[in-house]
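Inspection log for the structure reproduced underneath, given as structure tokens.
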2 protein chains.
Amino acid sequence: MQGREASDGTVGRTLAVLDLVAGFGRPVRFAEILPVAGLPKATLYRFLQVLTHQDMLAFDEDRQTYAPGMRLVRLAHSAWAQSSLAPLAREVLDELAETLGQTVHLAQLDNGAVLYVDKRNARQPVEMFSQSGKVGPAYCTGVGKAMLAHLPEDRLAAAIDRQSFHAHTPNTLTSPAALRAELALIRQRGYALDDEEHETGIACIAAPILSGSGRILGAISVTTTTAATSRDQLLALAGPVTRAAARIAATAEAWRFPEIKS
Amino acid sequence: MQGREASDGTVGRTLAVLDLVAGFGRPVRFAEILPVAGLPKATLYRFLQVLTHQDMLAFDEDRQTYAPGMRLVRLAHSAWAQSSLAPLAREVLDELAETLGQTVHLAQLDNGAVLYVDKRNARQPVEMFSQSGKVGPAYCTGVGKAMLAHLPEDRLAAAIDRQSFHAHTPNTLTSPAALRAELALIRQRGYALDDEEHETGIACIAAPILSGSGRILGAISVTTTTAATSRDQLLALAGPVTRAAARIAATAEAWRFPEIKS
DNA sequence: CTTGCAGGTTCCAAATAATGAAACCAAGTT
DNA sequence: AACTTGGTTTCATTATTTGGAACCTGCAAG
């Protein structure tokens, strides 16, 4: 199992450093990056220089720290609008959140992790990057498992390799075997449950968004608290959620293949 | 005047291609990129391969097109949360939009262009389409001019070089000289006006967000329609807007320099 | 069918850019 | 004054990038 970085040349290694800096989640100093980067001092230094000059990183003169730069925000705007399911799923999400009155998530797979691309909070209005772009684990979330369940074997193996299997709660699945068993079940019944596997008191139900050819495109979920919603009530949402997912899939299909191939 | 691309090596050139693809605003084919990239076929091909493999671009097998990839969304989340003013300005923006009942923008400079990092819509059922990350021209918008006005001369010259000076409306400033004169005025009175310079019927008033040392951090603006708001009414907003900007500046200062330097 | 061609992909020797050990510098610390 | 920590620069060696050209596709017109 090796990620993206090693295969491509200088560009890959440089972008790996970008990921690293972004991963800290706060501005970092050179010396903090050095040990985890696994690169010679001079090389790391040069990479940071380039990234900074390219505005992919911002260097704070006063504090001597690096943080992800604004160019990324501009680029992400394009990415979100063009490559994510968000624009297509927008209406369905609005409607689902409205009728159920619950928090709804739209997610896609990113390199074995869950990438949330859109969200509807029960009430509050939404802000773009505060929620889109967030990442989470795949093995212990509803959307994550829903997507993993429909991955072809080779990609699934790669994804499983990348899971930490950290036991967030007593219910968390902590082994590849347990996860695979669960995925089979999910595949069979058509939806996934997160039964307080990520956070105690939080449960959710998720459905995969599949292309016509069966490729997994993303997933949506409805989140509830165990305090307010019984398990039966949660299971009752299976219908609405899977139907919403199917509608998004249909929209995606229509958009991407406007004409029929004979 | 040369951009970022030329100076740095392979990484810079590759990222320039990324910008190019993102710039199309829609999925593009190899052949569409080739002529505008100014690179040999083989080189461009390799760059696209690398970017795709790195998930910075997504390649659509069926349509044979490239589009910005999801990795950017993940990275942008970090960038937005750490490097933009948005998290700091949030409360002030909420309050300003609330009390004035008008559309409010928060912007930063990105390579000579205006990058909107946050927005509050007047009332509407939230035009939720990712406002953050949008870019606009600097020479004919309130926020743009407010920021240009406080740029040091060398960076200003570079920024002016990058303006198109396209006459969007009869009021648009169309020459560096006219712009520089306006900037002097803005610097002096402390706020900027966009008097239908970008779009007919739309006017706005903007104030710069300056660090303690006078460095420009960003700008905020309140947008109005000439139909609903008279010029006098617009000018009356100067106070609230500049005060809001000052509050954001203070927050930024407090955040970045928690301790006092003697 | 065969010729031409536009859109992509692969090769490979030459040119160039990346590499990283080591030296160096600047501010503290002891 | 000697040492340490954190950051920056140098430079000969090495590996990577480069891009012209050849080469594959279809596919469409002759």
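Just how large is the dipole of the range B:128-231 about the Cα centre, in debye to the nearest 20, putting +1 at every Lys and Arg Cβ and -1 at every Asp and Glu Cβ?
Working: 9 positive and 9 negative charges, 55 e Å.
My answer is approximately 260 debye.
Mind checking the range B:158-212 for trypsin sites (Lys or Arg not before Pro) that DSSP puts in a loop (not H, G, I, E or B) and that have at most 15 other Cβ atoms within 10 Å? Don't skip to the answer; put the middle values down first.
Values: sites: B:R162, B:R180, B:R187, B:R189; in loops: B:R162.
Counting only loop positions with at most 15 other Cβ atoms within 10 Å, the trypsin sites (Lys or Arg not before Pro) in the range B:158-212 are B:R162.
Just to confirm the filter: which trypsin sites (Lys or Arg not before Pro) across the range B:62-108 are DSSP coil and have at most 14 other Cβ within 10 angstrom of their Cβ? Write down the numbers at each step before the final one.
Details: sites: B:R63, B:R71, B:R74, B:R90; in loops: B:R63.
In loop regions of the range B:62-108 (DSSP not H, G, I, E or B), the sparsely surrounded trypsin sites (Lys or Arg not before Pro) are B:R63.
Taking Cα pairs under 8 Å and at least six residues apart, what relative contact order does chain B come out at, in percent? Write down the numbers at each step before the final one.
Details: 402 pairs, mean separation 37.1, N = 262.
Dividing the mean separation by the residue count of chain B yields 14 percent.
So if I average 1/r over every pair of distinct C-alpha atoms in chain A and take the inverse, what Kirkwood radius in Å does that give? Display every interim value, and only then the final one.
Working: mean 1/r = 0.0501 Å⁻¹.
One decimal place: 20.0 Å for the Kirkwood radius.
Taking the rotation that carries B onto A, look along its axis and tell me which residue of B has the beta carbon nearest to it, distance in whole angstrom.
Whole-Å result, nearest residue of chain B to the axis: B:A76, 2.
Would you work out which of B:C140, B:Q233, B:L57 lies farthest towards the positive end of the dipole of chain B? Charges go on Cβ: Lys and Arg +1, Asp and Glu -1.
B:L57
Would you kindly calculate the translational diffusion coefficient of the range B:10-73, applying Stokes-Einstein with the Kirkwood radius from alpha carbon pairs, for 10 °C and a viscosity of 1.306 mPa s, and quote it in µm² s⁻¹ without decimals? Mind showing how you got there, number by number?
Values: Rh = 11.4 Å.
Answer from the Stokes-Einstein relation: 139 µm²/s.
Measuring nothing but label to label, 7 Å from Cα along Cα→Cβ, what are A:R162's distances to the other copies in nm, shortest first?
Label-point distances to the other copies, shortest first: 3.2 nm.
Which of these, B:V104, B:V50, B:V114, has the largest mean-square fluctuation under a Gaussian network model of chain B (Cα springs below 10 Å)?
Among B:V104, B:V50, B:V114, the largest GNM mean-square fluctuation belongs to B:V50.
Can you tell which of B:V28, B:V241, B:V36 shows the greatest fluctuation in a Gaussian network model of chain B with Cα springs below 10 Å?
B:V36
Quick one: what Rg and Dmax do you get for the range A:155-262 from the alpha carbons, in Å?
Rg then Dmax for the range A:155-262, in Å: 15.9, 52.
Checking the table B:K41/B:K145; B:K119/B:K145; A:K145/B:K134; A:K134/B:K134; A:K119/A:K145 against a 28 Å threshold on Cα-Cα, which pairs fail?
Working: B:K41/B:K145 40 Å; B:K119/B:K145 18 Å; A:K145/B:K134 33 Å; A:K134/B:K134 19 Å; A:K119/A:K145 18 Å.
Beyond 28 Å: B:K41/B:K145; A:K145/B:K134.
Please report, for A:S230, the nm distances (one decimal) from its label point, 7 Å out from Cα along the beta-carbon direction, to the equivalent points in the remaining copies, shortest first.
Result, one decimal in nm: 6.4.
Taking Cα atoms, how many degrees apart are the long axis of helix B:238-256 and the longest axis of chain B, rounded to 10 and kept between 0 and 90?
60 degrees
Give, rounded to the nearest 20 debye, the magnitude of the charge dipole that the protein assembly as shown has about its Cα centre when Lys and Arg contribute +1 at Cβ and Asp and Glu contribute -1 at Cβ. Numbers along the way, then the final one.
Values: 52 positive and 54 negative charges, 118 e Å.
Rounded to the nearest 20 debye, it is 560 debye.
Note down the Stokes-Einstein diffusion coefficient of the range B:104-228 in µm²/s, whole number, using a Kirkwood radius over alpha carbon pairs, 20 °C, and 1.002 mPa s.
Values: Rh = 14.5 Å.
Estimated via Stokes-Einstein, D reaches 148 µm²/s.
Using only the Cα atoms of the protein assembly as shown, each taken as one equal point scatterer with no solvent, compute I(q) by the Debye sum, divide by I(0), and report log10 of the ratio at q = 0.06, 0.10, 0.11, 0.13 Å⁻¹.
-0.31, -0.87, -1.05, -1.38
Please report, to one decimal in angstroms, the Kirkwood hydrodynamic radius of the range B:141-203 built from all distinct Cα-Cα pairs. Mind showing how you got there, number by number?
Values: mean 1/r = 0.0846 Å⁻¹.
One decimal place: 11.8 Å for the Kirkwood radius.
What gaps in nm, shortest first, separate A:E199 from its twins in the other copies when you place the label 7 Å past Cα toward the beta carbon?
For A:E199, the other copies' label points sit at 3.6 nm, shortest first.
Values in this text are rule-based calculations from the coordinates and carry no lab data. Quick caveat: nothing in here was measured; it's all calculated off a predicted structure. Using ideal geometry, Cβ is built from the backbone for each residue, glycine included, and neighbour counts are taken over all protein chains shown.
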